[in-house]
Amino acid sequence: MAKAYDHLFKLLLIGDSGVGKTCLIIRFAEDNFNNTYISTIGIDFKIRTVDIEGKKIKLQVWDTAGQERFKTITTAYYRGAMGIILVYDITDEKSFENIQNWMKSIKENASAGVERLLLGNKCDMEAKRKVQKEQADKAFSSLARDILLKSGGRRSGNGNKPPSTDLKTCDKKNTNKCSLG
Amino acid sequence: MAAENSKQFWKRSAKLPGSIQPVYGAQHPPLDPRLTKNFIKERSKVNTVPLKNKKASSFHEFARNTSDAWDIGDDEEEDFSSPSFQTLNSKVALATAAQVLENHSKLRVKPERSQSTTSDVPANYKVIKSSSDAQLSRNSNELRKCSWPGVPREVRPITWRLLSGYLPANTERRKLTLQRKREEYFGFIEQYYDSRNEEHHQDTYRQIHIDIPRTNPLIPLFQQPLVQEIFERILFIWAIRHPASGYVQGINDLVTPFFVVFLSEYVEEDVENFDVTNLSQDMLRSIEADSFWCMSKLLDGIQDNYTFAQPGIQKKVKALEELVSRIDEQVHNHFRRYEVEYLQFAFRWMNNLLMRELPLRCTIRLWDTYQSEPEGFSHFHLYVCAAFLIKWRKEILDEEDFQGLLMLLQNLPTIHWGNEEIGLLLAEAYRLKYMFADAPNHYRR
């Protein structure tokens, strides 16, 4: 059988409940925005193959439930991840404060040197923004490899571009720095 | 001696006298002071009423509530005057025997037959009373038997209330019980619902609040503000009354079958598209309270699914793996070969009782049976999951890599399923259950 891909990357998506992890991944993996979203229970699995500079990159993404009670099951998936995407909601300060806790979880459960990506979601709701971009930059400046990436959940405003485009851009700019590269 | 006998009787008796009053001992949250007040008031009424005819109606109400207590009093008097102290023992033995006989013979024998077994015995008041208890338990057994293969839509609301244990089998007590339980629920709301914005409940309420719009988002009924408010109240009250688990995502799904079934009592047409503003306040309140209590009964049996680290789910997923390894080695080895773990797909099956895998109408049909089975939600569900998995064996064996398997298992095509498919699934689950109940080591590898 012919090889279906050149590289395989295993990613993990974490963050508070309701920040839009699933929307993000659905939009990324299926290239559409699912308006009738539903809460994730435990873990979910999504797949997408992208073409980057002529190479077929296969992405396996574990989408997790954000509620604390599910941590027992979700932390089991940190170890195998090559990249972890931390998501917060720019209209919800608490979800941004909790990024610290999610970082701690990574430290405790993931492989050393795992790539991390910080992502502020729901940029289409600029009017309700509570977390400024500078705040995020400042708080996580020590994490040189982190990239702050804005991605709107819905097809409006900033969110017009599907996240996959954004991720690819960031990948090109930051080869060797981003988990996707 | 007599005291000892009566102690035994108390232990074995299924119903306690005066059972109408709720017991709040050591419960969370603490005793509702308003209810205590009523309780004390009613108690004091008992003593004073015989003197005051004015309060006759409330006395009658009370007397009706506690009629079983008076019965027992009569019994005791007879026992003491009885020449032989063994009456109580023999009475218990008779009642038990009647029940056992009845249980064993119900497949072959008509109800009259086992009744005559009881009345063959030298009849006295107690034996007759026992047989009426037996009658009640026979009726519930009969109801379970009839409900197992599916309950007709028109009688489903009352049947579910009975099967869940929310409504007493005794017809005379039903109306009052319903009334009291509904009042009790709205007492909780009055007392606790305002606390949802207090700091220690903030996380709970926030989680519920963001999950409600995500509950069955494709069914218009659940997008109505009035319905969403009802769900918030039900879930919040349940959560703060069960601090060991609290609210866990997925529990929101478990309210929906009850809500739809109790709503169907008032709706002829398509329930899923019904506009609830057409219902009166009273109707909505009844639906809300009944959904709350039935959901509570269900969750009582599976609470370890939702406590810290979710041990109930971990245990059941392990049991599922063990079961599948014995009934379908090929599928099991296929999973191992491609490194698929049961937890990766079956966690949700347990956490949401397959509700995410099946259309709502199928879940409702499934619950007819779960409520008719002993430990349906906590134990029989495991066999249903095994049968459900094996149902897709061909599709599973056709997939030849990890991701294909996982994508399949996460999105099993059940969208067109109806009663027939659920009926077959349940039959297979039943077969599995009996195969393993009688031979735990069956197919041991």
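In units of the compact-protein estimate 2.2 N^0.38 Å, the stretch B:281-362 shows a Cα radius of gyration of 1.46.
Per residue, the average separation of C-alpha pairs within less than 8 Å and at least 6 apart gives the stretch A:58-115 a relative contact order of 40 percent. Assuming 1.567 mPa s and 4 °C, estimate D for the stretch A:74-124 with Stokes-Einstein, Rh taken as the Kirkwood radius over Cα pairs, in µm²/s. Reported coefficient: 113 µm²/s. Taking the inverse of the mean 1/r over every pair of distinct Cα atoms in the stretch B:137-222 gives a Kirkwood hydrodynamic radius of 16.3 Å. The phi-based Karplus calculation (6.51 cos²θ - 1.76 cosθ + 1.60; θ = phi - 60°) puts the 3J(HN,Hα) values of the stretch A:16-26 at 4, 5, x, 7, x, 4, 5, 4, 4, 6, 5 Hz, whole numbers, x for Gly and Pro.
The Cβ shell under 10 Å around residue B:305 holds other residues with a net charge of +1, Lys and Arg each +1, Asp and Glu each -1. When the convex hull of its Cα atoms is viewed from all sides, the stretch A:96-140 shows a mean projected area of 3.6 nm².
For the stretch B:196-222 versus the stretch B:341-409, the spacing of their alpha-carbon centroids is 26 Å. Translational diffusion of the stretch A:54-145, estimated by Stokes-Einstein from the Kirkwood radius over alpha carbon pairs at 37 °C in a medium of 0.692 mPa s, is 226 µm² per second.
The mean number of partner chain beta-carbon atoms within 10 angstrom of a residue's beta-carbon across peptide A:71-78 is 3.
A Förster radius of 30 Å, combined with the Cβ-Cβ distance separating residue A:58 from residue B:393, puts the computed FRET efficiency at roughly 0.65. Taken over the stretch B:340-419, the convex hull of the Cα atoms encloses 86 Å³ per residue. Start at zero, step by 5 Å, and the Cα-Cα distances of the stretch B:202-334 spread as 2, 10, 18, 18, 16, 12, 9, 8, 5, 2, 1, 0 percent across the bins.
Computed from phi, the 3J(HN,Hα) profile of the stretch B:334-340 under the Karplus parametrisation 6.51, -1.76, 1.60 (θ = phi - 60°) reads 4, 4, 5, 4, 9, 6, 8 Hz, with x in place of Gly and Pro. Residues whose amide H falls under 5 Å from that of residue A:121, counting only those 5 or more places apart or on a different chain, are A:88, A:89, A:90, with hydrogens built in the peptide plane. The modelled label-to-label distance between residue B:329 and residue B:139, using points 7 Å beyond Cα along the C-beta direction, is 5.2 nm.
Sorted into 10 angstrom bins from 0, the C-alpha pair distances of the stretch B:295-440 split as 11, 43, 38, 8, 0 percent.
The length gained on full extension between residue B:265 and residue B:146, counted as 0.36 nm times the residue separation minus their Cα-Cα distance, comes to 40.8 nm.
Per-residue extension of 0.36 nm, minus the Cα-Cα distance of residue B:195 and residue B:275, leaves a gain of 25.9 nm for this segment.
Sparsely packed loop sites in the stretch A:5-103 (the trypsin sites (Lys or Arg not before Pro) outside DSSP H, G, I, E and B with at most 15 other Cβ atoms within 10 Å) comprise A:79. Note on the stretch B:210-271: Rg/Rh from Cα positions, Kirkwood definition for Rh, rounded to two decimals, is 0.99.
With viscosity 1.306 mPa s and temperature 10 °C, the Kirkwood radius over alpha carbon pairs of the stretch A:12-95 converts through Stokes-Einstein to a diffusion coefficient of 117 µm²/s. Amide H to amide H, with H built 1.01 Å from N, residue A:12 comes under 5 Å of A:62, A:83, A:84, A:85, counting only residues 5 or more places away or on other chains. Ranked by the mean number of other Cβ atoms within 10 Å per residue, highest first, peptides B:416-423, B:205-212, B:341-348 order as B:341-348, B:205-212, B:416-423.
Considering only alpha-carbon pairs that sit under 8 angstrom and 6 or more positions apart, the relative contact order computed for the stretch B:236-315 is 35 percent. Segment residue B:282..residue B:421, full-extension length gain: 46.4 nm, with 0.36 nm per residue of separation and the alpha-carbon distance subtracted.
Every read-out reported here was derived from the displayed coordinates using simple, explicitly stated rules and does not represent laboratory data. All of these numbers come straight from a predicted model, not from anything done at the bench. Cβ: placed from backbone, ideal geometry, glycine included. Neighbour counts: every protein chain shown.
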